[in-house]
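Presented below is the structure to which this report refers.
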Amino acid sequence: MKVVAYNIKPEEKEILVLANGKLHDLTLICNELNYSTVHYAIGKKAIIVSDDDILDKNILRELKSLGVQYLITRSIGTLHIDTEEASLLNIKIANTPYENQTIEGVARQTIRNLNLWENGKCVGRACCCANDCAALEDKSKHLKDGE
């Protein structure tokens, strides 16, 4: 899957690349997601953001027009994302909710989410979509982080 990750800190870069293991075509940039940097999502199926990136209605609409279908936040919370608008646009959202919130743990969770989506599966407990995708996978059954 082609993915752009915004707001990547120097200490996250190598760890995310290692977690990815060349599975996905990752573009890592240190810039935050905003109107000046949204163009990096052209041709990408997914984006990865931090909780410092604000995804309001207009940014989400722009991302959708560029072809983005999936959004992962490297955080537990999603208050920085207009989840209702994302739902209307049919953009799937995942977070990194597992106990291991180290840089390594978040990187593994992020890549796990991408892998599941690429295989047509729900991300389970990491799902933050407003849509009911329980038909795809019982959300009450989840693998432990890293499995």
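The values are calculated or read from the model by the stated rules, or taken from the named source; none is laboratory data. Worth saying up front: this structure is predicted, and the values here are computed from it rather than measured. Cβ atoms come from the backbone with ideal geometry, glycine included; neighbour counts cover every protein chain shown. Side chains included, ligands, DNA and RNA excluded: accessible areas come from the protein's heavy atoms. Shrake-Rupley method; radii C 1.70, N 1.55, O 1.52, S 1.80 Å.
Residues are listed down the side, and each one gets a yes or a no for (1) in contact (Cβ under 8 Å) with a residue 24 or more places away in the chain; (2) surrounded by 15 or more Cβ atoms within 10 Å (Cβ to Cβ):
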{"residue": "L16", "(1), (2)": "yes, yes"}
{"residue": "L23", "(1), (2)": "yes, no"}
{"residue": "K44", "(1), (2)": "yes, yes"}
{"residue": "S65", "(1), (2)": "no, no"}
{"residue": "T78", "(1), (2)": "yes, yes"}
{"residue": "T83", "(1), (2)": "yes, yes"}
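Of all the listed residues (N31, N100), the sole one being of a type in the set (S, T, N, Q), within 26 Å of E14 (Cβ to Cβ), open to solvent by less than 70 Å² (accessible area, probe 1.4 Å) and at pLDDT 95 or above is N31.
Working only within region 6-38, note down all residues that are touching an Asp or Glu at 6+ places or on another chain (Cβ under 9 Å) and farther than 15 Å from R112 by Cα. Within region 6-38, Y6, N7, L28, E32, L33, N34, Y35, V38 meet the criteria.
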